[in-house]
Amino acid sequence: MQAKNQNTRYANYQLKIPKNNVSKFIEEIRKYSNIVNTSTESIDVTTQYQDTESRIKVLKTREERLLELLKNAQNLSDTIKLEEALSDVIYKIKKLVEKPKYNSRKRGKKLT
C-alpha cells in the first residue's frame, strides 16, 4: 500500500481465487474497503495439465525400458550409458510430478 498524498491511500493486489468464491470474496471485501476498480482474468490450464500427464506417462514407459535394458547390459560402458539415461528420465519425471497441480481453471481477481 502506498500513499499518494497525506489523505489518500491506494493498493494493488493480484489474487488467485477459485472461480466459485470470487463473488463472495468481493462482497466481503467491499464491507471493509472502497474498491474503485476490479478486473478479472481467467486462464484455462487444462491443456497444460493434460500435456504434463502425457509427458509423465511417456517418461515412465521409457524408464521401464531402460531398467529392462540395464538388467541385460553386457559391459560396463553400456551400463554407464543406461544409468545416465535412466537418471535423466527419473529427474524429468520428478520435475513434472513436483509441479503444482492446478484445477482445470484458475481465476485471478485484481482489486484497486
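Give Lys57/Lys99; Lys19/Lys94; Lys19/Lys57; Lys60/Lys94 a once-over and call out the pairs whose C-alpha atoms are over 22 Å from each other.
Cα-Cα > 22 Å for Lys19/Lys94; Lys19/Lys57; rest within.
With a 1.4 Å probe and all protein chains kept in place, how much accessible area does Lys81 have, in Å² rounded to the nearest 10?
In the full protein context, Lys81 sits at about 130 Å².
Per the 1.4 Å probe, what fraction of the accessible area of region 1-94, in percent, lies on carbon and sulfur atoms? Intermediate results must be reported in sequence, preceding the final value.
Numbers: 3850 of 8050 Å².
With neighbouring chains kept in place, the figure for region 1-94 is 48 percent.
For region 26-100, what does the accessible surface come to per residue with a 1.4 Å probe? Please give it in Å². Mind dumping the intermediate values first?
Working: 6020 Å² over 75 residues.
In whole numbers, region 26-100 has 80 Å² accessible per residue.
Calculate the FRET efficiency for Ile56 and Lys19 from the Cβ-Cβ distance with a Förster distance of 41 Å, rounded to the nearest 0.05. It would help to have the intermediate numbers written out before the result.
Numbers: r = 26 Å, r/R0 = 0.64.
For Ile56 and Lys19, the calculated efficiency is 0.95.
Tabulate in residue order the Karplus-calculated ³J(HN,Hα) for region 18-29, using 6.51 cos²θ - 1.76 cosθ + 1.60 with θ = phi - 60°, rounded to whole Hz; enter x for Gly and Pro.
For region 18-29, the Karplus-derived couplings read x, 4, 6, 10, 4, 4, 5, 4, 4, 4, 5, 4 Hz, x marking Gly and Pro.
Rounded to the nearest 0.05, what FRET efficiency is calculated for Glu84 and Ile43 with R0 set to 41 Å and r the Cβ-Cβ distance?
Values: r = 37 Å, r/R0 = 0.91.
E(calc), rounded to 0.05, equals 0.65.
The values are calculated or read from the model by the stated rules, or taken from the named source; none is laboratory data. The shown structure was predicted, so the numbers you read here are calculated from the model rather than taken from an experiment. Quick reminder, even Gly has a Cβ in these numbers, built from the backbone with ideal geometry, and neighbours come from all protein chains shown. Ligands, DNA and RNA are excluded from the accessible area calculation, which covers all protein heavy atoms including side chains. Shrake-Rupley method; radii C 1.70, N 1.55, O 1.52, S 1.80 Å.
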